[in-house]
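Peer 1: Let me begin by handing over the structure; questions about it come next.
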Amino acid sequence: MSKVAIVILADTAGPGDFGRAVNGLMTAKEFKEAGDEVQIIFDGAGTKWIGKFNEEGSKYGPLFESVKDKVTGVCGYCAGAFKVSQDASDNNINLIDEYDGHPSFKKLVDEGFTILTF
């Protein structure tokens, strides 16, 4: 069984960013369907996706919902910086602040996770 942490860093600014974020969710779905251990973390500008994927009529809202149970959280510091902490709260998604307000990627590596970034 694989252990994978998918980190979505892509901004919401353009189609390339959109593609990376969706590819991150698709990758999470593939690992989830295979029964692997998968975590999704939104970090940096990627924290803005929580609100975007949950907008009414979002084309990829159903994809996000299919893997939402694998979302470990969003970077607490970055969610504050990008003013999206409320989006996380509204969607029952944790703010992660393990290392100076940020997720601890060292912890994930120590736990045997492979980290994939999108």
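Peer 1: Taking segment 43-82 as the region of interest, how many residues are among the polar types (S, T, N, Q) and either at positive phi or not in a loop (DSSP other than H, G, I, E, B) (or both)? Explain how you work it out, then say what you get.
Peer 2: So the first thing to find is which residues in segment 43-82 are among the polar types (S, T, N, Q), and the list is 47, 54, 58, 66, 72.
Narrowing the set further to residues that are either at positive phi or not in a loop (DSSP other than H, G, I, E, B) (or both) leaves 47, 66, 72.
Final tally of qualifying residues: 3.
Peer 1: Step by step: first the residues of segment 73-118, then only those that are closer than 14 Å to V38 by Cβ and aliphatic (A, V, I, L, M), then the one that is surrounded by the fewest Cβ atoms within 10 Å (Cβ to Cβ). Which residue is that?
Peer 2: Among those that are closer than 14 Å to V38 by Cβ and aliphatic (A, V, I, L, M), it is I115.
Peer 1: Let me ask something additional. Given (1) over 14 Å from the mean Cα position of the chain (by Cα); (2) over 22 Å from F31 (Cβ atoms); (3) among the polar types (S, T, N, Q), where does S85 come up short, assuming only one miss?
Peer 2: (1)
Peer 1: Would you check if there is a residue in segment 32-45 being surrounded by 13 or more Cβ atoms within 10 Å (Cβ to Cβ) and over 15 Å from A5 (Cα atoms)? Explain how you work it out, then say what you get.
Peer 2: Taking segment 32-45 as the starting set, the residues that turn out to be surrounded by 13 or more Cβ atoms within 10 Å (Cβ to Cβ) are 32, 36-45.
Adding the requirement that they be over 15 Å from A5 (Cα atoms) leaves 44-45.
Yes, segment 32-45 contains at least one residue that is surrounded by 13 or more Cβ atoms within 10 Å (Cβ to Cβ) and over 15 Å from A5 (Cα atoms).
Peer 1: Being small (G, A, S) and buried (at least 16 other Cβ atoms within 10 Å of the Cβ) is the filter; apply it to segment 46-65 and report the residue that is nearest to the chain's Cα centre (by Cα). Spell out how you get there, then give the answer.
Peer 2: Taking segment 46-65 as the starting set, the residues that turn out to be small (G, A, S) are 46, 51, 57-58, 61.
Still in the list and also buried (at least 16 other Cβ atoms within 10 Å of the Cβ): 46, 51.
Details: G46: 7, G51: 12 Å.
Ranking the candidates gives G46 first.
Peer 1: I've got another one for you. Exactly one of (1) under 18 Å from V109 (Cα atoms); (2) of a type outside the set (F, W, Y); (3) surrounded by 23 or more Cβ atoms within 10 Å (Cβ to Cβ) is unmet by K70. Its number?
Peer 2: Failing condition for K70: (3).
Peer 1: Also: For segment 83-103, indicate whether the set of residues that are touching a residue at least 60 places away in the same chain (Cβ under 8 Å), of a type outside the set (K, R), out of contact with any strand residue (DSSP E or B) (no Cβ under 7 Å at 6 or more places or on another chain) and assigned to a helix (DSSP H, G or I) is non-empty.
Peer 2: So the first thing to find is which residues in segment 83-103 are touching a residue at least 60 places away in the same chain (Cβ under 8 Å), and the list is 103.
Of the ones still in play, those that are also of a type outside the set (K, R) are 103.
Filter again for out of contact with any strand residue (DSSP E or B) (no Cβ under 7 Å at 6 or more places or on another chain), leaving none.
Checked segment 83-103: no residue is touching a residue at least 60 places away in the same chain (Cβ under 8 Å), of a type outside the set (K, R), out of contact with any strand residue (DSSP E or B) (no Cβ under 7 Å at 6 or more places or on another chain) and assigned to a helix (DSSP H, G or I).
Peer 1: Anything in segment 14-63 that is touching a residue at least 24 places away in the same chain (Cβ under 8 Å), in contact with a helix residue (DSSP H, G or I) (Cβ under 9 Å, 6 or more places away or on another chain) and over 25 Å from Y77 (Cα atoms)? List them, or say none.
Peer 2: M26, K29, F31, K32, D36, E37, Y60, L63 - these are the residues of segment 14-63 that are touching a residue at least 24 places away in the same chain (Cβ under 8 Å), in contact with a helix residue (DSSP H, G or I) (Cβ under 9 Å, 6 or more places away or on another chain) and over 25 Å from Y77 (Cα atoms).
Peer 1: While we're on this one: Please enumerate the residues belonging to segment 1-42 that are outside any helix (DSSP H, G or I), more than 22 Å from V109 (Cβ to Cβ) and acidic (D, E).
Peer 2: D11
Any read-out appearing in this document is the output of simple, stated calculations on the displayed coordinates, not a laboratory observation. Just so we're clear, the structure is a prediction, and the values are computed from it rather than from any experiment. A quick note on method: Cβ atoms are made from the backbone with ideal geometry, for glycine too, and the neighbour counts reach across all protein chains shown.
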